[in-house]
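Notes to accompany the following structure.
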Amino acid sequence: MLSWALRTVLLWGCIAYAGYYGWENRAMLLADAERAMAPAPSSAPASPSTAAVVANSMTFRAGPGGHVTLDAAVNGTPVRFLVDTGASLVTLTAEDAAAVGLAGGDLHFSERVATANGTVQMARVKLREIRLGQLTMEDVDAMVVDAPQRLRMSLLGMSFLKRLEGYEMRDGALTISW
């Protein structure tokens, strides 16, 4: 109870500071407030890919940078994903696409897409399946990006997430349900 009260006081203090000194540094202040509101780390940190499984639900802990990464199987092949709600489609790196059986000659990089890292060429694909623990999702729209210097890890985007019953980020963990 006391820690909640202290975090609340700190949050309101940051808000008051922002109001008094202007909004020039609001991003930094909000980041400080989020860090203050975050729960204290446990004595045994969980691996980012460690999932807690409940019937039709899984929980993944965020890594030290606050990002959720997880291991899934795409068309039966293991792929490491960064969960990205800002990505419209599941996005595979060229290396992961080759590993899951999407050969370079079969890919037509005929579209351009604006990303957070700039504009890139992409090829639309349909993944036969993505398996994540006990969840299997079939016929998932995706893209392969032809920009290895801009995309280091495949992204689990909205073409997967929007088909779930729900997903929620709370207390440093992503919970998905289906």
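The values are calculated or read from the model by the stated rules, or taken from the named source; none is laboratory data. Everything numeric in this text was worked out from a predicted model, so none of it was measured. Here the Cβ is made from the backbone with ideal geometry for all residues, glycine too, and neighbour counts use every protein chain on show.
List of remarks:
- Within segment 131-178, being of a type in the set (Lys, Arg) and closer than 30 Å to GLY104 by Cβ holds for ARG131, ARG150, ARG152, LYS162, ARG163.
- Single condition GLU95 does not satisfy, out of (1) buried (at least 20 other Cβ atoms within 10 Å of the Cβ); (2) assigned to a helix (DSSP H, G or I): (1)
- Flag for THR119 being part of a strand (DSSP E or B), at pLDDT below 90 and among the polar types (S, T, N, Q): yes
- Residues of segment 127-161 that are under 14 Å from ASP71 (Cα atoms), in contact with a helix residue (DSSP H, G or I) (Cβ under 9 Å, 6 or more places away or on another chain) and part of a strand (DSSP E or B): ILE130, LEU132, SER154.
- From ARG112, ARG124, residue being at pLDDT 95 or above, assigned to a strand (DSSP E or B) and over 17 Å from the mean Cα position of the chain (by Cα): ARG124
- Residues being closer than 15 Å to LEU151 by Cβ and without any contact (Cβ under 8 Å) to a residue 12 or more places away in the chain - total across segment 78-137: 4
- In a residue-by-residue description of segment 144-162, the property of being free of Cβ contacts under 8 Å to residues at least 60 places away in the same chain, buried (at least 16 other Cβ atoms within 10 Å of the Cβ) and touching a Lys or Arg at 6+ places or on another chain (Cβ under 6 Å) applies to no position.
- Taking the conditions (1) surrounded by fewer than 17 Cβ atoms within 10 Å (Cβ to Cβ); (2) at pLDDT 95 or above in turn, ARG61 satisfies each one other than (1).
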